[in-house]
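Nothing in this text is a laboratory measurement; each read-out follows from the coordinates by a stated rule. Note that the structure is a prediction, hence the values are computed from the model and not measured. Cβ placement follows ideal geometry from the backbone for every residue including glycine, while neighbour counts extend to all protein chains displayed.
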Amino acid sequence: MPMGGAAARAPPKAQSYCVCGVERPLCTHLRNYTVSMPQIRISEAARFLGVSDDTVRRWTENGTLTPQKDGAGRLAVDGLELATLARDQSHLPDDPSRSGSSARNRFVGLVTGITADKVMAQVELQCGPFRVVSLMSSEAVRELGLELGSVATAVVKATTVIIETPQGKSII
């Protein structure tokens with residue numbers, strides 16, 4: 001027996017709840033729901049990764065991606081496998097500021113546009129395939145030395161991020 005005479009107890013299991021709010025073992029509305037991984041057609045996979053269709057086909061031939069057939073018999077790849085590959089192959093340039101920060105969403109890019117008046121400015125960055133726009137004071141633009149073609153880092157710290165899907169699917 002452990003000290004104090006109390007019997008050793010297993011730690012309590014974490015409760016698991018369905019999206020409807022009912023505890024998982026008791027919920028019945030999703031029992032017949034089958035989870036299937038999305039299949040992404042080769043042309044869409046190429047577009048998401050910024051490569052050619054031929055590159056994605058080569059990856060299916062050499063084993064980098066597992067080839068599948070979609071419902072219409074076309075060549076496709078598993079969505080999760082594609083997302084993993086996209087994450088593994090994403091390499092952003094090093095952040096030139098090298099400062100410590102709690103913000104994890106940092107996009108290094110080139111200044112492609114500055115529209116400023118006496119008080120406010122709109123600064124556009126091209127960060128890889130993404131266009132990031134920031135509104136700031138004209139004074140901040142001057143103090144940061146921002147000019148067209150200069151390297152800058154967009155730091156995004158947001159309390160709300162909205163994620164949408166093309167089909168607008170919902171499980172309830």
Matching residues in region 117-142 - criterion: being buried (at least 17 other Cβ atoms within 10 Å of the Cβ) and more than 27 Å from the chain's Cα centre (by Cα): ALA121, VAL141
Flagged in region 57-80 as surrounded by fewer than 13 Cβ atoms within 10 Å (Cβ to Cβ), of a type in the set (D, E, K, R) and not in a strand (DSSP E or B), in numbering order, are GLU61, ARG74
